[in-house]
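Inspection log for the structure reproduced underneath, given as structure tokens.
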Amino acid sequence: MRGKLIVIAGPSGVGKGTVVREIIRLQKNCRVSISATTRKPRTGEVNGQHYYFITKQEFEDKIRNKQMLEYEQYNGNYYGTPYEYTEKNLEAGFNVILEIEVKGALNVKKMYPQALLIFLKSPSFAELKKRLIYRGTEGPEEVEQRMQVARWEMIQAEKFDILLTNDDVGLVAKKIIDIINRSSVSIKG
Ligand code: 5GP
């Protein structure tokens, strides 16, 4: 049986990565897609593990050659999901998780109406800002820009199948695993 496509979106800093790592640790039938980006690697980020770090030219070639399942620009950089990995793994029966921003998530739903769209929100804007500052990967200007985008992203939450507040990583991961295992079609609520 073909696997399910699960999209986890939500503002930068909400903790999507931590939740996804926990799901992958607990659920052997789930795989996570590694995105391509033109953003420069942060300290400690490894090519092919966190992202495929490529140039703008390479990214635009991939768009032209239809190698991207979806892509978007976020704060001046391209981010996209390589088509082949996701398709191959869905075909092999694995559930594939995409951890992406909100516009890309909504685009995926247009192409894969059966995809399950999960929106992760932070308990509050203040908490989100605190997490972005605490993680220390962006300077004050970039934090402000990400908060601006987050305000718009939060308004899109109602378009998602599932809305969850990330106040406890372990609990949220378990809720998502339950949802993945019981849903054959997308659920509202
Ligand atoms: P960051 O620079 O913090 O790694 O990522 C910025 C935003 O881009 C995050 O919200 C992240 O989830 C999102 N993102 C990462 N990969 C992709 C992707 O392949 N496609 C889309 N649309 N967004 C992505």
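Observations
- The listed residue being of a type in the set (D, E, K, R) and assigned to a loop (DSSP other than H, G, I, E, B), out of Glu144, Glu138: Glu138
- So Gln27, is it surrounded by fewer than 12 Cβ atoms within 10 Å (Cβ to Cβ) and either near the ligand (Cβ under 8 Å from one of its atoms) or of a type in the set (S, T, N, Q) (or both): no
- Of all residues in the stretch 124-153 being among the hydroxyl-bearing types (Ser, Thr, Tyr) and more than 11 Å from the ligand (Cβ to nearest atom), the one that is nearest to Gly44 (Cα to Cα): Tyr134
- Screening the candidates Asn181, Asn107 for the property of being of a type in the set (S, T, N, Q) and surrounded by 15 or more Cβ atoms within 10 Å (Cβ to Cβ) yields one hit, Asn107.
- Unique match (being touching a residue at least 60 places away in the same chain (Cβ under 8 Å), more than 30 Å from Arg182 (Cβ to Cβ) and surrounded by 12 or more Cβ atoms within 10 Å (Cβ to Cβ)) among Leu132, Leu128: Leu132
- Yes/no for Tyr74 being within 11 Å of the ligand (Cβ to nearest atom), touching a helix residue (DSSP H, G or I) at 6+ places or on another chain (Cβ under 8 Å) and touching a residue at least 60 places away in the same chain (Cβ under 8 Å): yes
- With a requirement of 2 or more residues that are farther than 18 Å from Val172 by Cα and among the hydrophobic types (A, V, I, L, M, F, W, C), the helices (runs of 4 or more DSSP H) lying completely within the stretch 1-109 that satisfy it span 56-64.
- Which numbered condition Ser33 fails, given (1) away from the ligand (no atom under 13 Å from the Cβ); (2) surrounded by 14 or more Cβ atoms within 10 Å (Cβ to Cβ): (1)
Values quoted throughout were computed directly from the atomic coordinates according to the rules given, and no laboratory measurement underlies them. Since the structure is predicted, the reported quantities are computational estimates derived from the model, not experimental observations. Neighbour counts are summed over all protein chains in view; Cβ atoms, including those assigned to glycine, are modelled from backbone coordinates with ideal geometry.
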